[in-house]
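The values are calculated or read from the model by the stated rules, or taken from the named source; none is laboratory data. This is a predicted model, so every value here is computed, not measured. Counting neighbours? That spans all protein chains shown, and the Cβs are built from the backbone with ideal geometry, glycine included. These area figures cover heavy atoms from the full protein model, side chains too; ligands, DNA and RNA do not enter into them. Shrake-Rupley method; radii C 1.70, N 1.55, O 1.52, S 1.80 Å.
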Amino acid sequence: MPPSGKSIREDLARAKAAFAKNDELRTVQLVVMALRAFVSVKLPSSDRIMVEGLLRESFSNLSKLPHIRKLAPNGIPYVKGQEQKLCSTLIPLAQQLEDELGREDLDAMRERKLRIDHAIIKGSKFLADGNLLEAQRNFRAAVEDYVDEKGLFPLIASRLLDAGQFKPSFEYIRRAVEESPDNARAYDFLLTAAGKAEEWSLAERILLDVQAKGVRQPLLDQTLALVEARLGHWAEARSAAKRAVDAAPRLAEAARVLALAEKKLAEKAAPSAS
């Protein structure tokens, strides 16, 4: 569909909204899109006058953008009748802006990952010195910078487990299960912490909470079956083990719990049947 006065006005309205949200790249890209459309069609005079007014406002906004001021210190004034020339100026400027923002994003990512590394190193040192409070402060600072480093939570959990801090490790084991429900290490850590701290009910709650968020994972069901069995909840253990075995027959621990749960439930039902 060819551009129209309405479609160009809509692009400029979106550019104005992007400007209000401080989305510099989106603002420039939408103005470029509108400008290219404007020079490609001949609009009726009423539409043209309206679009020219919106373009004047858009170029005024462009000149207020921090990165545009840096790339074009004198701004980019709108000149009626010079739209083709303005288009030729704005297209490479948009590419420059995209490249610059990309570099800034990369630098910010590197700085963030460096902060995480430093926090983990400091936290581990405090932990080795027996200062759990400061260790936790640094570990939590690392978590605050988390974006997609899914190995972060198992890493912190393992440091706490190795230091014998079993109860504090649950905070990070929970996140490990939430963020990577297919990571077998997370469940191994959960079972270790639950066993050492005698916190089987907490382990059950963590697994049920993750499951309630819609996670469907055979490893989760297998671990839940083991936890329910440890709590003596044989009906729940059987249900979880059966889900795990049905989804992944190779899970030997789930198969073992399923057989044991069925035996326990049969024994429980036997007296009432006689």
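In this structure, Ile91 and Ser46 have a Cβ-Cβ separation that, at R0 = 30 Å, corresponds to a calculated FRET efficiency of about 0.60. Local charge for Ala34 was computed over the other residues whose Cβ lies under 11 Å away, with Lys and Arg +1 and Asp and Glu -1, and equals +1.
Please report the spacing between the Cα centers of region 71-107 and region 195-274 in Å, no decimals. For region 71-107 versus region 195-274, the Cα centre distance is 61 Å.
Quick one: if the Förster radius is 22 Å, what FRET efficiency do Leu265 and Arg205 give, using the C-beta to C-beta distance and rounding to 0.05? Computed FRET efficiency for Leu265 and Arg205: 0.40.
Kindly identify region 86-243 as rounded, prolate or oblate by the Cα gyration tensor criterion: order the square roots of the eigenvalues as a ≥ b ≥ c, call it rounded if a/c is under 1.5, otherwise compare a/b with b/c, prolate if a/b is larger, else oblate. It is oblate, given that a/c is not under 1.5 and a/b is not larger than b/c.
Evaluating 6.51 cos²θ - 1.76 cosθ + 1.60 at θ = phi - 60° for every residue in region 56-66, the Karplus couplings come out as 4, 5, 5, 5, 5, 5, 4, 5, 8, 6, x Hz, glycine and proline recorded as x. Maximal additional length on extending the Val147-Thr192 stretch stands at 13.5 nm, based on 0.36 nm per residue less the C-alpha distance. The H on the amide N of Ser63, modeled in the peptide plane, is under 5 Å from the matching H of Ile76, each at least 5 residues off or on a different chain. Ordering Ile156, Ile49 by accessible surface, largest first, gives Ile49, Ile156; the 1.4 Å probe counts only protein heavy atoms, with every chain in place. Using only the C-alpha atoms, the convex hull of region 5-102 corresponds to 81 Å³ per residue.
When only Cα pairs below 8 angstrom with a gap of at least 6 residues are kept, region 93-229 shows a relative contact order of 16 percent. Summing +1 for each Lys or Arg and -1 for each Asp or Glu among the other residues whose beta-carbon sits under 11 angstrom from that of Ala135 gives +3.
Its Cα centre serving as origin, the chain has a Cβ charge dipole (Lys and Arg +1, Asp and Glu -1) of approximately 560 debye. Taking a straight line from the alpha carbon of Lys150, these lysines sit under 17 Å away, with near neighbours fewer than eight places off in the same chain left out: Lys113.
Rg/Rh for the chain (Cα atoms only, Rh after Kirkwood) is 1.27. For the chain, relative contact order (Cα pairs under 8 Å, six or more residues apart, normalised by length) works out to 9 percent.
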